Amino acid sequence: MKVHIRKAVKSDAGSILSLIHELAVFEKEPQAVIVTKTQIEQDGFGDRPLFECILAEVAEKVVGMALFYPRYSTWKGPTFHLEDLIVTESMKGKGIGTQLYHAFLAQAHGAGVERVEWAVLDWNLSASQFYQKSGASVLEDWRTVQMDKKSLDHYISKINS
């Protein structure tokens, strides 16, 4: 099986969205995805892209992706955040995720970032083990903090009243 790894282009937005939906099902939150194909086109491929994406194709069909964006660490300097590494269910176990992971890390290395980071669900033991075997550290003492748009709107309305 020949896997082709390449940078995503605007016309890939539908495939990217499809993979995002598949990941949401895997992570038991299918209803959580609100991003649209149009938004992906604008946010990833407009004048000021907010993310980059590397795709894996087999027989000219997108079967996986690594979506990431630049961040800045006040302690380290430039970093990349890997938002999602996704391989479609039917293609898992064939080394495609490893190829995407290698491509992402090579991109980060080439960009000269000081650190790469990402989150992994605590129940996804196979992913945690894979990352640890590659030399990554899975931090146990940090907790992810998030505020969704509804909570943000509520907070802002409270401080502005």
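The values are calculated or read from the model by the stated rules, or taken from the named source; none is laboratory data. A quick note: this is a predicted structure, and the numbers were derived from the prediction, not measured. Counting neighbours? That spans all protein chains shown, and the Cβs are built from the backbone with ideal geometry, glycine included.
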In the stretch 60-112, the residues that are more than 17 Å from L23 (Cα to Cα) and either among the hydrophobic types (A, V, I, L, M, F, W, C) or in contact (Cβ under 8 Å) with a residue 60 or more places away in the chain (or both): W75, F80, K94, G95, Q99, A103, F104, L105, A106, A108, A111
Test: residue in the stretch 69-77 that is surrounded by 11 or more Cβ atoms within 10 Å (Cβ to Cβ), modelled with pLDDT of 90 or more, of a type in the set (D, E, K, R) and touching a Lys or Arg at 6+ places or on another chain (Cβ under 8 Å): yes
Residue within the stretch 66-73 that is farther than 20 Å from V120 by Cβ, of a type in the set (S, T, N, Q) and in contact with a strand residue (DSSP E or B) (Cβ under 9 Å, 6 or more places away or on another chain) present: no
Residue within the stretch 54-77 that is over 26 Å from K28 (Cα atoms) and aliphatic (A, V, I, L, M) present: yes
Those residues of the stretch 11-33 which are under 15 Å from K61 (Cα atoms) and of a type in the set (A, V, I, L, M, F, W, C), in sequence order: A13, I16, L17, L19
Pair list, Cβ under 7 Å, 6 or more apart: the stretch 131-143 residue of a type in the set (A, V, I, L, M), other residue outside any loop (DSSP other than H, G, I, E, B) and surrounded by 10 or more Cβ atoms within 10 Å (Cβ to Cβ): V138/S128; V138/Y131; V138/Q132
Those residues of the stretch 39-59 which are in contact (Cβ under 8 Å) with a residue 40 or more places away in the chain and over 17 Å from G95 (Cα atoms), in sequence order: E52, C53
Single condition G135 does not satisfy, out of (1) exposed (fewer than 10 other Cβ atoms within 10 Å of the Cβ); (2) under 22 Å from I20 (Cβ atoms): (2)
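Select from the stretch 58-87 the residues that are over 22 Å from D43 (Cβ atoms) and either basic (K, R) or not in a strand (DSSP E or B) (or both) and list them in ascending order. If you could, list the steps in order and put the result at the bottom.
Going through the stretch 58-87, the residues over 22 Å from D43 (Cβ atoms) turn out to be 58-61, 63, 73-77, 87.
Within the stretch 58-87, A59, E60, K61, T74, W75, K76 qualify.
With the requirement that a residue be part of a loop (DSSP other than H, G, I, E, B), charged (D, E, K, R) and touching a Cys at 6+ places or on another chain (Cβ under 9 Å), what does the stretch 1-53 give you? Before the answer, list the steps.
First, pick out the residues of the stretch 1-53 that are part of a loop (DSSP other than H, G, I, E, B): 1-2, 8-9, 27-29, 33-36, 46-51.
After this cut, where a residue has to be charged (D, E, K, R) as well, the list is 2, 27-29, 47-48.
Scanning the stretch 1-53 gives no hits.
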